[in-house]
Amino acid sequence: MKRFPSHYSYRHAFHFFSYLYHNIQDSIYSYRQFSGLQKIIRNRMLATYFQPIINLQDESCLGYEALNRPPSSMLFPSTESFYDFIGHTDQVFEFERFCREVSIERYHTTVMLEKKTKDTVIFLNVHPRVLLDSSYRSGETICLLQRYGLCPEQVVFELTEKQAVHDYVEFERILSHYRSQGFRIAIDDAGSGYNSLKAIVSLKPDFIKLDRSLIRHIDTQPDQQQLIKILKQYTAGSNTSIIAEGIERLEEIGFLRNEGIEYGQGYALGRPVQS
Ligand SMILES: [Ca+2]
């Protein structure tokens, strides 16, 4: 029988223990992140910001997107890492329910009471999988809205294409259930991934939120301008409105307004304000 030289065995053992060590370290870190997430939910430690969505044609305010951010910590160095982590756990529903509650409750206090507006719309970021959950569907959301004097017509669910939808026929069926109750749908981050065109064609959303990467410096970028013109043509005569995200310069507002784009969001129109 062939014997390997002893240095091979040592090296092999070293790699194995190193592999084991890193796996254990990863598991401990994941466990700490998981405990951190539960603590955030338990103690309602999310900060909610509201960013206005403005009608570019008449400068009125359509509504506000609720943005929920975790406290900064070593466990979650960025908001993206926090949301990525949740997507890999079984806490997605639990977290979404929590987010929906704090967003609506704080929208009532910050926007409706403080700004004394009753008819603006709240845009809620929702994981597509959550809409399939029966308890989300069973009228829980409507009870929550009634408690704060809101109606379903004032709620837009933002579905990001970053979380893939596989069965569009089934998904469309679920969405029509929400729509029949008055809720509206937006495709979020459109243009930043692979599925946005498919989602736009299949789901016929009420709003298309164009990703900031398509809007930045649009006043000087002919390729981006061409894309916006095509999308505007596509939505003309339909019930779909376009919201341009990430507007940071007045020149961008000018271009989009001239093209007839209905709505915009971004620092040049209003920064997110903490509730
Ligand atoms: Ca969004």
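Any read-out appearing in this document is the output of simple, stated calculations on the displayed coordinates, not a laboratory observation. Bear in mind that the values here come from a model prediction, so they are computed numbers and not experimental data. Note: ideal-geometry Cβ built from the backbone for every residue, glycine included; neighbour counts use all protein chains shown.
At 222 nm, what helix-only mean residue ellipticity would the chain give, in deg cm²/dmol to the nearest 500, using -39500 (n - 2.57) for each DSSP H run of four or more?
On the way: 10 runs with 122 residues, N = 275.
Result for the chain: -14000 deg cm²/dmol, rounded to the nearest 500.
Among Gly260, Gly191, Gly63, whose mean-square fluctuation peaks in a Gaussian network model of the chain (Cα, cutoff 10 Å)?
Ranking Gly260, Gly191, Gly63 by mean-square fluctuation puts Gly260 first.
For Phe207, Phe76, Phe34, Phe16, what ranking results if the residue with the fewest other Cβ atoms within 10 Å of its Cβ goes first?
Values: Phe207 25, Phe76 21, Phe34 17, Phe16 10.
If I rank by nearby Cβ atoms, fewest first, I get Phe16, Phe34, Phe76, Phe207.
Please report the Cα spread of the stretch 26-68 along all three principal axes, rounded to whole Å, starting with the longest.
Per principal axis, max minus min of the Cα coordinates gives 53, 22, 8 Å.
Can you compute the FRET efficiency between Glu259 and Lys198 using 1/(1 + (r/R0)^6), with r the Cβ-Cβ distance and R0 = 25 Å? Round to the nearest 0.05.
Values: r = 24 Å, r/R0 = 0.96.
Efficiency, rounded to the nearest 0.05: 0.55.
Using the 10 angstrom Cβ neighbour count as an exposure proxy, how do Tyr178, Tyr234 rank, fewest first? Each step should come with its number before you reach the end.
On the way: Tyr178 19, Tyr234 15.
Lowest to highest Cβ neighbour count: Tyr234, Tyr178.
I need the phi-derived Karplus couplings for the stretch 99-113: 6.51 cos²θ - 1.76 cosθ + 1.60, θ = phi - 60°, integer Hz, Gly and Pro marked x.
Values, residue by residue: 4, 4, 5, 5, 5, 5, 4, 6, 4, 4, 6, 6, 8, 5, 7 Hz.
When Leu132, Leu256, Leu210, Leu231 are ordered from fewest to most other Cβ atoms inside 10 Å of their Cβ, what list results? Intermediate values should be presented prior to the final figure.
Numbers: Leu132 15, Leu256 25, Leu210 29, Leu231 21.
The fewest-first ordering by Cβ neighbours comes to Leu132, Leu231, Leu256, Leu210.
In whole Hz and in residue order, list the ³J(HN,Hα) couplings for the stretch 234-240 that follow from phi through the Karplus curve 6.51 cos²θ - 1.76 cosθ + 1.60, θ = phi - 60°; x for Gly and Pro.
Per-residue couplings from phi come out as 4, 8, 4, x, 9, 8, 9 Hz.
Around Glu158, which amide H atoms from residues at least 5 apart in sequence, or from another chain, sit under 5 Å from its own amide H, with H modelled in the peptide plane?
Counting only residues 5 or more places away or on other chains, the set is Leu124, Asn125, Val126, Ala186.
Rounded to two decimals, what is Rg over Rh for the chain when you use alpha-carbon atoms and the Kirkwood radius?
Details: Rg = 22.6 Å, Rh = 20.8 Å.
That ratio is 1.08, to two decimals.
Which of Tyr19, Tyr29, Tyr148 moves most in a GNM of the chain, Cα contacts under 10 Å?
It is Tyr19.
Could you state the number of Å between the C-alpha centres of the stretch 23-94 and the stretch 149-217?
So the separation of the two Cα centres works out to 20 Å.
Just to be sure I understand: with springs between alpha-carbon atoms less than 10 Å apart, which residue in Ala47, Ala13, Ala66 has the highest mean-square fluctuation in the Gaussian network model of the chain?
Ala13
Normalised by the residues of the chain, what does the relative contact order come to in percent, with Cα pairs under 8 Å and at least six apart? List each step's numbers first, then the result.
Numbers: 375 pairs, mean separation 52.7, N = 275.
The normalised contact order for the chain reaches 19 percent.
Collect residues whose amide H, placed 1.01 Å from N in the peptide plane, falls under 5 Å from the amide H of Val121; neighbours closer than 5 in sequence don't count.
For Val121, the qualifying residues are Gly63, Tyr64.
How far is it, in nm, from the label point at Gln25 to the one at Gln57 when both lie 7 Å from their Cα along the line to the Cβ?
5.8
Give the relative contact order (percent, whole number) for the stretch 188-275; include only Cα pairs under 8 Å separated by 6+ residues. Walk me through the intermediate numbers first.
Values: 112 pairs, mean separation 24.4, N = 88.
Dividing the mean separation by the residue count of the stretch 188-275 yields 28 percent.
Along the three principal axes, how long is the stretch 151-275 when you take its alpha carbons, biggest first, rounded to the nearest angstrom?
Taking max minus min along each principal axis of the Cα atoms, the stretch 151-275 gives 41, 36, 28 Å.
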